[in-house]
1. Pull out the extension gain between Gln197 and Asp50, defined as 0.36 nm times the separation in residues minus the alpha carbon to alpha carbon distance; nm, one decimal.
2. Put a dot 7 Å past each Cα toward the Cβ at Asp297 and Asn33; how far apart are the dots in nm?
3. If you scale each eigenvalue of the Cα gyration tensor by 5 and take the root, what three semi-axes come out for region 382-434, rounded to whole angstrom and sorted largest first?
4. Please build a GNM for the chain, connecting alpha carbons under 10 Å apart, and tell me which residue among Thr219, Thr372, Thr21 fluctuates the most.
5. Based solely on its DSSP helices, what 222 nm [θ] is calculated for the chain when runs of n ≥ 4 H residues each add -39,500 (n - 2.57) and the sum is averaged over all residues, nearest 500 deg cm²/dmol?
6. Please work out, to two decimal places, the log10 of the ratio I(q)/I(0) at q = 0.17, 0.22 Å⁻¹ from a Debye calculation in which every Cα of region 328-397 carries one identical scatterer.
7. Against the longest alpha carbon principal axis of the chain, how many degrees, from 0 to 90 and to the nearest 10, is the axis of helix 308-321 turned?
8. GNM on the chain, C-alpha springs below 10 Å: top fluctuator among Leu113, Leu152, Leu419?
Amino acid sequence: MSVQTEITASQKIFDQALEVTPGGVNSSTRALNPALIWRKAQGSTLEDADGRRYIDYHAAFGPIILGHNDPDVNRRVVEALQGPDLVGVGTTEIEVQLAAKLKSHIPSAEKVLLCNSGSEATFHAVRLARAVTGRKKIIKFQGCYHGWHDYLCMNVISPAEKIGQYDFHSAGMLKEAAMQTLVLPFNRIDAVEDALQQHRGEIAAIILEPIPHNIGCVTPVPNFLQGLRELTAIHGTVLIFDEVITGFRHGLGGYQKHAGVTPDLTTVAKSMANGYPSAALCGRADFMDRFQTNRGDVFFAGTYNGHPVGVAAALATIEKMEDGRVHEHIFRLGAYFARELQAILERTGICGHVAHFGSVVVPYFLEGAVETYTDLLSNNAALDVRFRREMVERGFFLLPMALKRNHVSAAHTQEELDLTLEAAETVLKRIARV
Ligand SMILES: Cc1ncc(COP(=O)(O)O)c(C=O)c1O
């Protein structure tokens, strides 16, 4: 007698994906167990190929700030397609409008260049910093992610034995280039000062996520960002804020506006265009003018730079946030989510605390304050992933990976948050019992 096992629609499509795509997914961090195939995304919800619905807090790693498939953004994209698609020389009016918009909102943005992804923006930022300083070395921080290129693709979520050493994220990286990057602990200004002294005249740039969101939500201690600004000014080092996540999500002017610290260069992407591919490098005019776009000597190119789809989406997204109501809503719900989740942890007696800024909420399952990556080594990763998995099974999509952040969008409602919290309490009570 043969035993019939049910094959889900997701599994069927995923099996086909495995035939044609290594691992079945198009990005290193997209593998899910069990595999899910998405059929629909609207507002705050996702639907998989088997018709199961989820309230989404993953937000595609952050870009979805208005909600999936925002009708106003989609309309602007369709309108843009009535104009030139891609000409590849000269410029278009909407590219100028978007650059002007970024300049008007982001304190450091005296000039702007458009590209399509965060990795491109950070690559160009590093190259420009090396050109303007004539130096080779870069400082990054353990726990920050800045994209896939060799200069910075290292030391994000590292195992304990790799702290203080190189933790390259890929084979095939050119070590000679990558080792020009020094990795320091976040929030430790003394370590930065020491490195700048030790490598006096050698450090081209310091790059950081002003809140390292790739390890959840580690906020800068008072004076860390200001300290970096002062030290970089003294040492002639370029300060780069990678605001690919924090830009637009934490305010139209990015985290730099909130912190009152203006870097030399800024990279933005993700929630700038609510899920469409759009990114930018912005910064000091005298630096940005070094690009060959201005007959300078630093190469900047890309067939799809300033593509009307991404540009129109970015214009629509930013304009929709300009009256402040989106941020008021997502900040209010984010604070509510964090506060209530913390109360649930306390009621269930599970050791942990909920880190939070604006619309980003991350439960850490550990004791004590988190200032730097090593504090996160005590996170109970097994519990963290189990909590997330059980939430996914109940229809609440929290990325089932330890330390990953949750995002609230303008499409989430108070009722959805309450349902989510109710489920979280059920799951955490079950976990607490065993
Ligand atoms: C802070 C930060 N910088 C850069 C990147 C790279 O962006 P992209 O994936 O668009 O290349 C990411 C991606 O997650 C990021 O979180």
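1. Working: separation 147, 0.36 × 147 = 52.92 nm, distance 5.83 nm.
Answer, rounded to one decimal: 47.1 nm.
2. Label-label distance for Asn33 and Asp297, simple model: 5.2 nm.
3. Values: eigenvalues 76, 39, 12 Å².
Each semi-axis is √(5λ); the values are 19, 14, 8 Å.
4. Thr21
5. Details: 14 runs with 162 residues, N = 434.
Using -39500 (n - 2.57) per qualifying helix, the result is -11500 deg cm²/dmol.
6. Log-scaled intensity ratios, in q order: -0.68, -1.08.
7. 80
8. The residue with the greatest mean-square fluctuation here is Leu419.
The values are calculated or read from the model by the stated rules, or taken from the named source; none is laboratory data. Keep in mind that what you see is a predicted model, and the values were worked out from it rather than measured. No Cβ is skipped: glycine too gets one built from the backbone with ideal geometry, and neighbour counts run over all protein chains shown. Note: accessible area is taken over every heavy atom of the protein model, side chains too, but ligands, DNA and RNA are not part of it. Shrake-Rupley method; radii C 1.70, N 1.55, O 1.52, S 1.80 Å.
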